[in-house]
Amino acid sequence: MTKLALTAHRSPALRLPRLLAGISYYDIASLRDHEERYGPLPLWGTSGRRRPGRLIDVVDASGLTGRGGGGFPTGRKMRSVAAGPGGAVVVANGAEGEPASCKDRLLLTRLPHTVLDGITLAAHAVRARSAYLCIHGQETELRDALEHALAERRAVGLDPVPIQLRGIPGRYVASEQSAIVQYLNDGPAKPTFSPPRPHQRGVGGRPTLVNNVETLAHLALIARYGDRWFRGAGLPAAPGSALVTVSGAVRRPGVYEIQPGSSCGLAETARVIRYLADENAGQCGPCMFGLPALADAMADLAYQGCTGRAAERVATLAGLVDGRGACRHPDGAVQLARSALRAFEADVRRHDQRGPCPAAARPPLLPVPGEADWDWA
């Protein structure tokens, strides 16, 4: 590895995309392409501000959390492994078990060196002696592409800790972290009881850092551009960007890079219900009185809260309006309100008990029309 200042290459813009900024949907990014965009792998040396422990400090300050579903703070997990007895192990989990998701595969097939950089940097930070990249064993084309990327790096001596590519069984729970550890220990790819957890005793009985490949790709960029850059996207409580897979009956399926909390679901719902209340025909009580009251209650939950009773009031009013209108217009508004209470259950609790989330103050996203300036005739 060569020493590199964080500012040697211009960081990607604060706006999105970040991880996907250098992606080609037709070609795999070669090592040369990767280094032309991001610069050489930065060295976090053994002394001064760039010591291995300093990288853990920066990752901790960035607020990066696991992108594999657990959401555990990455810096804290790294620190636990680094604090254990020597000879740690790093495991990159690229075995995407969720059938509807393909974000990790996209990274590995199009931007492999971003992930591989993250593995090497994590191994250096926790002083690991072994590193693994795990994918589903049946994905032979992916395996061939990753073997080529690893060969590019071996040719220039890029990874002091050699990264071993391992295929695991293509079962859903085989990609759970303890299942991967057990498989690497020559056991079946099934989850194990804890404690001990992998960071305490994992592969070969050694402290083991298991991270999703997207998490490690973020780490590779944080190592280059710093924690403040990472926090330039997202929310204070959920910084950075994340990859999501959009599929099904949609116009543009694919993998998208988003900012967590780009809006508040309760605030957006409140705006829609206010619009529906304003659009009532004034011919029945549920429309004239019920919908405005429901809109007020929904707005109170979204923008005020902190009473412990706002959600209950929404539910009560929904029951009073449902099925009593001259037409089905009020019923549609009720169904939307009830759906929001279910879909955003965690947000409902937070708003009702502690007040609105920061995203509620953000500019609205849904294109809700303004107040109509025409009459009915």
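The values are calculated or read from the model by the stated rules, or taken from the named source; none is laboratory data. Being a predicted model, the structure only gives us computed values, none of them experimental. In this analysis, Cβ positions are derived from the backbone assuming ideal geometry, glycine residues included, and neighbour counts consider all displayed protein chains. Protein only, heavy atoms only, side chains kept; ligands, DNA and RNA dropped before computing areas. Shrake-Rupley method; radii C 1.70, N 1.55, O 1.52, S 1.80 Å.
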**Asked** Has region 118-127 got at least one residue that is small (G, A, S), closer than 23 Å to P191 by Cβ, in contact with an Asp or Glu (Cβ under 7 Å, 6 or more places away or on another chain) and open to solvent by less than 10 Å² (accessible area, probe 1.4 Å)?
**Response** no
**Request:** Among the candidates N185, N93, single out the residue that is under 19 Å from the mean Cα position of the chain (by Cα), modelled with pLDDT of 95 or more and open to solvent by 10 Å² or more (accessible area, probe 1.4 Å).
**Result:** N93
**Request:** Kindly establish whether R201 is open to solvent by 10 Å² or more (accessible area, probe 1.4 Å), assigned by TED's automatic domain parsing to the domain that holds T65 and of a type outside the set (S, T, Y).
**Result:** yes
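Residue-wise test of (1) farther than 14 Å from L64 by Cα; (2) in the same structural domain as P42 (by TED's automatic domain parsing); (3) among the hydrophobic types (A, V, I, L, M, F, W, C); (4) in contact with a Gly (Cβ under 7 Å, 6 or more places away or on another chain).
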{"position": "G187", "(1), (2), (3), (4)": "yes, yes, no, no"}
{"position": "S194", "(1), (2), (3), (4)": "yes, yes, no, no"}
{"position": "T208", "(1), (2), (3), (4)": "yes, yes, no, yes"}
{"position": "L216", "(1), (2), (3), (4)": "no, yes, yes, yes"}
{"position": "W229", "(1), (2), (3), (4)": "no, yes, yes, no"}
{"position": "A233", "(1), (2), (3), (4)": "no, yes, yes, yes"}
{"position": "A242", "(1), (2), (3), (4)": "no, yes, yes, no"}
{"position": "T245", "(1), (2), (3), (4)": "yes, yes, no, no"}
**Message:** Which residue is surrounded by the most Cβ atoms within 10 Å (Cβ to Cβ), if the candidates are limited to region 204-241 and must be among the aliphatic types (A, V, I, L, M) and in contact with an Asp or Glu (Cβ under 7 Å, 6 or more places away or on another chain)?
**Reply:** V213
**Prompt:** Does region 74-89 include one or more residues that are at pLDDT 85 or above and either hydroxyl-bearing (S, T, Y) or outside the structural domain of P169 (by TED's automatic domain parsing) (or both)?
**Reply:** yes
**Request:** Please find, among G167, G75, the residue that is in contact with a Cys (Cβ under 8 Å, 6 or more places away or on another chain) and of a type in the set (G, A, S).
**Result:** G167
**Request:** Please tell me if P160 is in contact with a strand residue (DSSP E or B) (Cβ under 8 Å, 6 or more places away or on another chain), under 24 Å from G75 (Cα atoms) and either open to solvent by 70 Å² or more (accessible area, probe 1.4 Å) or outside any helix (DSSP H, G or I) (or both).
**Result:** no
